[in-house]
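The values are calculated or read from the model by the stated rules, or taken from the named source; none is laboratory data. Given the structure is predicted, the values throughout are model-derived calculations rather than measurements. Glycine gets a Cβ as well: all are built from the backbone with ideal geometry, and neighbour counts include every protein chain shown.
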């Protein structure tokens, strides 16, 4: 009986121990779960906090980046605006006046030879640099102010053709350079010439011949050159381009208005029959030179060149014209090319005023005033000039056929 009581006590103690163990285990599991929950919550909060911080950092970086980009964009816009403003201000005033001041004629005349040559070189270099922006008409280059800065002339100029022929030359190309501002020297200051494939450089100051550089001995420089008749003709013909430009008052960039009205009738009246021989010849040369200068802008149809007013200024005729073919054949000629030049305004002389003819490879020049034959320049004796030529049947046919084109 006593043993049974002891066993009961042992079993009761064992159950008590097991119950305590279960309670302990349950408490441990609950504590561990709470710890995990707390840990998870803490980690979640840390993660959320980090993400918030990252977002805030990114927002700040974005703000800085946006502000920086905005500043850079503004700086770029300001820079571009400044450049545009500078460019506009450059083109809103004459280009020439920004970089130099015209040298007074008195000061130039008193300058040393080196100073005069340097002055010429400065203008030449400026023209070469800027000519791409100049308005071009034929072989003439005009500044933004409408000033003739450069003129390029080659075979076909009546005055120069005659001078070259007299001096035994055949082919030529001349580049005239001028002081490139209004009121500057009316004469060319420099002529670059290629004559029969040889190069020459002529320097001038106020019409005075101050230096010649020729091809002799590999390049001969003469600072006391002679102003002979040949050089005088080259110089004066160059001056005529400048004076014609000034007389015509060529506007800087208003070619549309130029062509919307008659350019000729306002400034180029017909020559009087009572004028002197020299005045008539000069009148013909002026019209000829103007046509050669402007023909690039004329409307061309076949060999005919028409001004903006529809006036025939030039006609080029060669073998194939029935009337001329017949008269050439009658006079023993085979090949020909004729250039007829006319007064280039409505109501001008109906006859050609000048005919440049190449007949069987020989050159002839015929001058007329109101249908009267006033000068013949032929190839005889190296260039024969006759101011009392005969109006024979051959010349009459050439003249009348030219009038028929007009």
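Going by the conditions given, is residue 363 closer than 18 Å to residue 155 by Cβ, in contact with a helix residue (DSSP H, G or I) (Cβ under 8 Å, 6 or more places away or on another chain) and not assigned by TED's automatic domain parsing to the domain that holds residue 170?
Spelling it out, residue 363 is indeed closer than 18 Å to residue 155 by Cβ, in contact with a helix residue (DSSP H, G or I) (Cβ under 8 Å, 6 or more places away or on another chain) and not assigned by TED's automatic domain parsing to the domain that holds residue 170.
Applying the criterion of at least 2 residues that are within 22 Å of residue 309 (Cβ to Cβ) and at pLDDT 85 or above to the helices (runs of 4 or more DSSP H) found wholly in segment 215-295 leaves 277-294. Listed by position, the helices (runs of 4 or more DSSP H) inside segment 105-201 whose residues that are farther than 30 Å from residue 299 by Cα, outside the structural domain of residue 365 (by TED's automatic domain parsing) and free of Cβ contacts under 8 Å to residues at least 24 places away in the same chain number at least 1 are 105-110, 113-130. Do we have any residue at all in segment 344-359 that's without any contact (Cβ under 8 Å) to a residue 40 or more places away in the chain, in a strand (DSSP E or B) and surrounded by fewer than 22 Cβ atoms within 10 Å (Cβ to Cβ)? Yes - at least one qualifying residue is present in segment 344-359. The single condition from (1) at pLDDT 90 or above; (2) closer than 26 Å to residue 198 by Cα; (3) surrounded by fewer than 18 Cβ atoms within 10 Å (Cβ to Cβ) that residue 115 fails is (2).
Residues in segment 388-406 that are within 42 Å of the chain's Cα centre (by Cα) and surrounded by 13 or more Cβ atoms within 10 Å (Cβ to Cβ): 398, 399, 400, 401, 402, 403, 405, 406. Scanning segment 296-311 for residues that are in a strand (DSSP E or B) and touching a strand residue (DSSP E or B) at 6+ places or on another chain (Cβ under 6 Å) turns up 299, 304, 305, 306. Reported count of residues in segment 392-406, each being touching a strand residue (DSSP E or B) at 6+ places or on another chain (Cβ under 6 Å) and not in a helix (DSSP H, G or I), is 1.
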